[in-house]
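The values are calculated or read from the model by the stated rules, or taken from the named source; none is laboratory data. Remember, it's a predicted structure, so these values are computed and weren't measured experimentally. With ideal geometry, Cβ positions are generated from the backbone for all residues, glycine too; neighbour counts draw on all protein chains shown.
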Amino acid sequence: MWPKITPNYSPNFSLPKRIKKNIKFIIIHYTGMKNELSVMKRLCDEKTKVSAHYFIKKNGEIINLIPDLYEAWHAGKSSWKEIKSLNKNSLGIEIQNQGHEHKYENFSSKQISSLKRLLKILIKTYNINLNNILGHSDVAPERKKDPGERFPWKNLAKVKLAKWHNLNEKKIRINRLRKLDKIEERKFLRNLYLIGYKKIVKFNYTKNKKFLFKAFQRRFRQSLVNGKSDRECLIISKSLVKS
(Lines give C-alpha, C1' and ligand atoms only; values in the text may rest on other atoms or scores of the structure.)
Protein backbone atom coordinates (compact mmCIF):
# COMPACT_ATOMS: atom_id res chain seq x y z
CA MET A 1 0.00 0.00 0.00
CA TRP A 2 1.38 3.39 -1.06
CA PRO A 3 1.83 5.66 1.99
CA LYS A 4 0.25 9.09 2.16
CA ILE A 5 3.02 11.69 1.95
CA THR A 6 2.28 15.34 2.67
CA PRO A 7 4.61 18.02 1.24
CA ASN A 8 5.81 20.81 3.55
CA TYR A 9 9.01 22.05 2.01
CA SER A 10 12.03 23.33 3.91
CA PRO A 11 14.49 25.91 2.52
CA ASN A 12 17.42 23.93 3.96
CA PHE A 13 18.86 22.09 0.98
CA SER A 14 21.78 22.32 -1.43
CA LEU A 15 21.97 22.90 -5.15
CA PRO A 16 22.44 21.60 -7.78
CA LYS A 17 19.92 18.82 -8.27
CA ARG A 18 21.45 15.37 -7.76
CA ILE A 19 21.71 12.51 -10.21
CA LYS A 20 19.43 9.64 -9.20
CA LYS A 21 22.18 7.00 -9.32
CA ASN A 22 24.26 8.97 -6.79
CA ILE A 23 21.72 8.36 -4.02
CA LYS A 24 23.24 5.33 -2.30
CA PHE A 25 22.32 5.63 1.40
CA ILE A 26 19.31 6.05 3.65
CA ILE A 27 20.11 7.51 7.08
CA ILE A 28 17.53 7.11 9.87
CA HIS A 29 17.34 9.60 12.75
CA TYR A 30 15.18 10.37 15.72
CA THR A 31 14.29 14.01 16.28
CA GLY A 32 15.42 14.22 19.91
CA MET A 33 12.79 16.89 20.53
CA LYS A 34 9.75 16.90 22.82
CA ASN A 35 7.02 17.87 20.34
CA GLU A 36 6.36 17.77 16.63
CA LEU A 37 5.60 21.46 16.25
CA SER A 38 9.10 22.30 17.48
CA VAL A 39 10.54 19.73 15.08
CA MET A 40 8.79 21.25 12.07
CA LYS A 41 9.88 24.76 13.07
CA ARG A 42 13.49 23.62 13.39
CA LEU A 43 13.59 21.64 10.15
CA CYS A 44 11.98 24.47 8.18
CA ASP A 45 13.89 27.41 9.70
CA GLU A 46 16.71 28.47 7.40
CA LYS A 47 18.67 29.80 10.39
CA THR A 48 19.10 26.26 11.80
CA LYS A 49 20.66 24.87 8.60
CA VAL A 50 19.09 21.49 9.47
CA SER A 51 16.63 19.40 7.47
CA ALA A 52 15.75 15.92 6.25
CA HIS A 53 13.91 14.53 3.29
CA TYR A 54 11.15 12.95 5.37
CA PHE A 55 9.67 13.37 8.83
CA ILE A 56 7.46 10.64 10.33
CA LYS A 57 5.10 11.83 13.05
CA LYS A 58 3.81 9.79 16.02
CA ASN A 59 0.58 9.01 14.19
CA GLY A 60 2.50 7.67 11.20
CA GLU A 61 1.95 10.68 8.97
CA ILE A 62 4.85 11.21 6.57
CA ILE A 63 5.94 14.78 5.76
CA ASN A 64 8.14 15.35 2.72
CA LEU A 65 10.44 18.27 3.57
CA ILE A 66 13.00 18.10 0.76
CA PRO A 67 12.51 16.49 -2.69
CA ASP A 68 14.68 13.39 -3.01
CA LEU A 69 16.94 14.74 -5.72
CA TYR A 70 18.15 17.63 -3.59
CA GLU A 71 20.68 17.32 -0.77
CA ALA A 72 19.15 17.77 2.71
CA TRP A 73 21.26 18.75 5.71
CA HIS A 74 20.78 15.85 8.09
CA ALA A 75 23.95 13.77 8.53
CA GLY A 76 26.52 16.46 9.28
CA LYS A 77 30.11 15.32 9.71
CA SER A 78 29.79 11.63 8.82
CA SER A 79 31.42 8.69 7.07
CA TRP A 80 30.81 5.11 5.99
CA LYS A 81 33.48 2.96 4.39
CA GLU A 82 35.45 5.34 2.15
CA ILE A 83 32.68 7.90 1.75
CA LYS A 84 32.63 11.05 3.87
CA SER A 85 30.00 13.78 4.30
CA LEU A 86 27.09 11.49 3.50
CA ASN A 87 24.54 14.26 2.90
CA LYS A 88 25.46 14.38 -0.77
CA ASN A 89 24.76 10.67 -1.32
CA SER A 90 21.89 10.00 1.07
CA LEU A 91 18.24 10.40 1.96
CA GLY A 92 17.48 11.40 5.55
CA ILE A 93 14.44 10.21 7.50
CA GLU A 94 13.59 11.83 10.84
CA ILE A 95 11.23 9.96 13.18
CA GLN A 96 9.57 11.71 16.10
CA ASN A 97 11.06 10.48 19.37
CA GLN A 98 12.24 12.55 22.32
CA GLY A 99 15.51 10.62 22.42
CA HIS A 100 18.08 9.88 25.08
CA GLU A 101 18.27 13.47 26.35
CA HIS A 102 14.58 13.55 27.25
CA LYS A 103 12.29 10.53 27.52
CA TYR A 104 13.54 7.94 25.05
CA GLU A 105 10.46 5.92 24.23
CA ASN A 106 9.57 3.06 21.91
CA PHE A 107 8.72 4.05 18.36
CA SER A 108 4.99 3.73 17.68
CA SER A 109 3.62 0.89 15.55
CA LYS A 110 2.15 3.50 13.18
CA GLN A 111 5.57 5.10 12.75
CA ILE A 112 7.23 1.79 11.94
CA SER A 113 4.43 0.76 9.58
CA SER A 114 4.81 4.05 7.67
CA LEU A 115 8.59 3.73 7.69
CA LYS A 116 8.41 0.24 6.18
CA ARG A 117 6.21 1.43 3.34
CA LEU A 118 8.45 4.44 2.72
CA LEU A 119 11.63 2.33 2.75
CA LYS A 120 10.17 -0.16 0.27
CA ILE A 121 9.55 2.70 -2.18
CA LEU A 122 12.94 4.33 -1.69
CA ILE A 123 14.92 1.09 -1.86
CA LYS A 124 13.23 0.15 -5.11
CA THR A 125 13.38 3.63 -6.65
CA TYR A 126 17.08 4.18 -5.94
CA ASN A 127 18.28 0.56 -5.87
CA ILE A 128 19.63 0.96 -2.32
CA ASN A 129 21.82 -1.83 -0.96
CA LEU A 130 20.58 -3.03 2.45
CA ASN A 131 24.10 -2.52 3.82
CA ASN A 132 23.59 1.20 3.18
CA ILE A 133 20.48 1.64 5.31
CA LEU A 134 22.04 3.12 8.41
CA GLY A 135 21.41 4.95 11.65
CA HIS A 136 22.84 8.38 12.39
CA SER A 137 25.01 6.81 15.12
CA ASP A 138 26.48 4.39 12.56
CA VAL A 139 27.86 7.23 10.44
CA ALA A 140 28.69 9.63 13.29
CA PRO A 141 29.42 7.44 16.35
CA GLU A 142 31.34 10.09 18.26
CA ARG A 143 28.47 12.60 18.05
CA LYS A 144 25.16 10.76 17.76
CA LYS A 145 23.06 8.08 19.50
CA ASP A 146 20.03 8.02 17.19
CA PRO A 147 17.88 6.22 16.30
CA GLY A 148 19.14 4.23 19.31
CA GLU A 149 18.73 0.80 20.85
CA ARG A 150 14.92 0.96 20.84
CA PHE A 151 14.80 1.24 17.07
CA PRO A 152 13.58 -2.07 15.55
CA TRP A 153 16.41 -2.92 13.15
CA LYS A 154 15.78 -6.66 13.49
CA ASN A 155 12.10 -6.15 12.67
CA LEU A 156 13.04 -4.25 9.49
CA ALA A 157 15.57 -6.92 8.52
CA LYS A 158 12.88 -9.62 8.67
CA VAL A 159 11.10 -7.91 5.77
CA LYS A 160 14.36 -7.15 3.92
CA LEU A 161 14.50 -3.45 4.74
CA ALA A 162 17.73 -3.45 6.74
CA LYS A 163 20.77 -5.54 7.64
CA TRP A 164 20.93 -7.89 10.64
CA HIS A 165 22.98 -10.93 11.60
CA ASN A 166 21.66 -14.49 11.19
CA LEU A 167 22.75 -15.83 14.59
CA ASN A 168 20.71 -17.45 17.35
CA GLU A 169 20.74 -14.69 19.97
CA LYS A 170 19.98 -17.01 22.87
CA LYS A 171 22.91 -19.27 22.01
CA ILE A 172 25.47 -16.50 21.57
CA ARG A 173 24.36 -14.70 24.74
CA ILE A 174 26.59 -17.00 26.84
CA ASN A 175 29.53 -15.10 25.31
CA ARG A 176 28.32 -11.77 26.67
CA LEU A 177 30.81 -9.97 28.95
CA ARG A 178 33.55 -12.49 28.14
CA LYS A 179 36.54 -10.23 27.67
CA LEU A 180 38.61 -10.19 24.51
CA ASP A 181 42.37 -10.29 24.55
CA LYS A 182 44.30 -7.65 22.57
CA ILE A 183 44.49 -9.77 19.41
CA GLU A 184 40.75 -10.53 19.52
CA GLU A 185 39.88 -6.87 20.07
CA ARG A 186 41.98 -5.93 17.04
CA LYS A 187 40.00 -8.51 15.05
CA PHE A 188 36.76 -6.99 16.33
CA LEU A 189 37.87 -3.52 15.29
CA ARG A 190 38.93 -4.82 11.89
CA ASN A 191 35.48 -6.35 11.43
CA LEU A 192 33.83 -3.05 12.31
CA TYR A 193 35.95 -1.30 9.69
CA LEU A 194 35.03 -3.96 7.11
CA ILE A 195 31.35 -3.47 7.92
CA GLY A 196 31.79 0.23 7.24
CA TYR A 197 32.38 1.99 10.56
CA LYS A 198 34.81 4.87 10.80
CA LYS A 199 38.41 4.01 11.66
CA ILE A 200 39.60 5.31 15.03
CA VAL A 201 42.45 7.80 14.99
CA LYS A 202 45.08 7.79 17.74
CA PHE A 203 43.86 11.09 19.20
CA ASN A 204 41.36 10.25 21.98
CA TYR A 205 41.63 6.57 21.01
CA THR A 206 40.11 5.08 24.17
CA LYS A 207 37.18 7.49 24.24
CA ASN A 208 36.43 7.15 20.54
CA LYS A 209 36.71 3.36 20.71
CA LYS A 210 33.95 3.35 23.33
CA PHE A 211 31.72 5.51 21.09
CA LEU A 212 32.34 3.13 18.19
CA PHE A 213 31.49 0.03 20.25
CA LYS A 214 28.31 1.68 21.51
CA ALA A 215 27.24 2.52 17.96
CA PHE A 216 27.72 -1.11 16.94
CA GLN A 217 25.80 -2.33 19.99
CA ARG A 218 22.91 0.10 19.47
CA ARG A 219 22.58 -1.39 16.02
CA PHE A 220 23.32 -5.10 16.42
CA ARG A 221 23.35 -5.94 20.18
CA GLN A 222 20.60 -3.70 21.49
CA SER A 223 19.90 -5.41 24.81
CA LEU A 224 23.23 -4.25 26.25
CA VAL A 225 24.93 -1.04 25.20
CA ASN A 226 27.97 -0.59 27.43
CA GLY A 227 30.73 0.44 25.01
CA LYS A 228 32.87 -2.58 25.95
CA SER A 229 34.06 -5.23 23.54
CA ASP A 230 33.23 -8.85 24.40
CA ARG A 231 33.05 -12.22 22.71
CA GLU A 232 29.37 -11.86 21.83
CA CYS A 233 30.09 -8.67 19.90
CA LEU A 234 33.03 -10.32 18.14
CA ILE A 235 30.83 -13.25 17.03
CA ILE A 236 28.15 -10.90 15.72
CA SER A 237 30.72 -8.85 13.81
CA LYS A 238 32.15 -12.00 12.19
CA SER A 239 28.68 -13.02 11.03
CA LEU A 240 28.03 -9.60 9.51
CA VAL A 241 31.34 -9.56 7.66
CA LYS A 242 30.68 -13.03 6.21
CA SER A 243 27.21 -12.06 5.03
Problem - Cross-chain or 6+ apart pairs with Cβ under 6 Å, segment 2-24 first and among the basic types (K, R), then part of a loop (DSSP other than H, G, I, E, B) - result: K17/L69; R18/L69
Exercise for the section: Can you work out which of the residues in segment 44-78 that are in contact with a helix residue (DSSP H, G or I) (Cβ under 6 Å, 6 or more places away or on another chain) and not in a loop (DSSP other than H, G, I, E, B) is nearest to K24 (Cα to Cα)? Expected result: E71
Completion exercise
Reported set for segment 76-103 where residues are under 22 Å from K198 (Cβ atoms) and hydrophobic (A, V, I, L, M, F, W, C) is W80, I83, L86, L91, I93
Exercise for the section: Have a look at R231, R218 and point out the one that is of a type outside the set (F, W, Y), touching a Gly at 6+ places or on another chain (Cβ under 8 Å) and not assigned by TED's automatic domain parsing to the domain that holds L130. Expected result: R218
Fill in the blank from the handout: Filtering segment 25-69 for residues that are at positive phi and in contact (Cβ under 8 Å) with a residue 60 or more places away in the chain leaves a count of 1
Handout entry: Residue within segment 201-215 that is within 18 Å of I27 (Cβ to Cβ) and among the hydroxyl-bearing types (S, T, Y) present
Key = no
Completion exercise
Only one of Y9, Y54 is buried (at least 20 other Cβ atoms within 10 Å of the Cβ), aromatic (F, W, Y) and either assigned by TED's automatic domain parsing to the domain that holds I112 or at pLDDT below 95 (or both), namely Y54
Practice task
Would you mind telling me which numbered condition in (1) closer than 21 Å to K198 by Cβ; (2) over 14 Å from the mean Cα position of the chain (by Cα); (3) outside any loop (DSSP other than H, G, I, E, B) Q111 fails?
Solution key: (1)
Fill in the blank from the handout: Those residues of segment 26-59 which are β-branched (V, I, T) and under 19 Å from the mean Cα position of the chain (by Cα) amount to I26, I27, I28, T31, V39, V50, I56
Exercise for the section: Among what's in segment 158-176 and is under 14 Å from Q222 (Cα atoms) and out of contact with any helix residue (DSSP H, G or I) (no Cβ under 8 Å at 6 or more places or on another chain), pick the residue that is surrounded by the fewest Cβ atoms within 10 Å (Cβ to Cβ). Expected result: K170
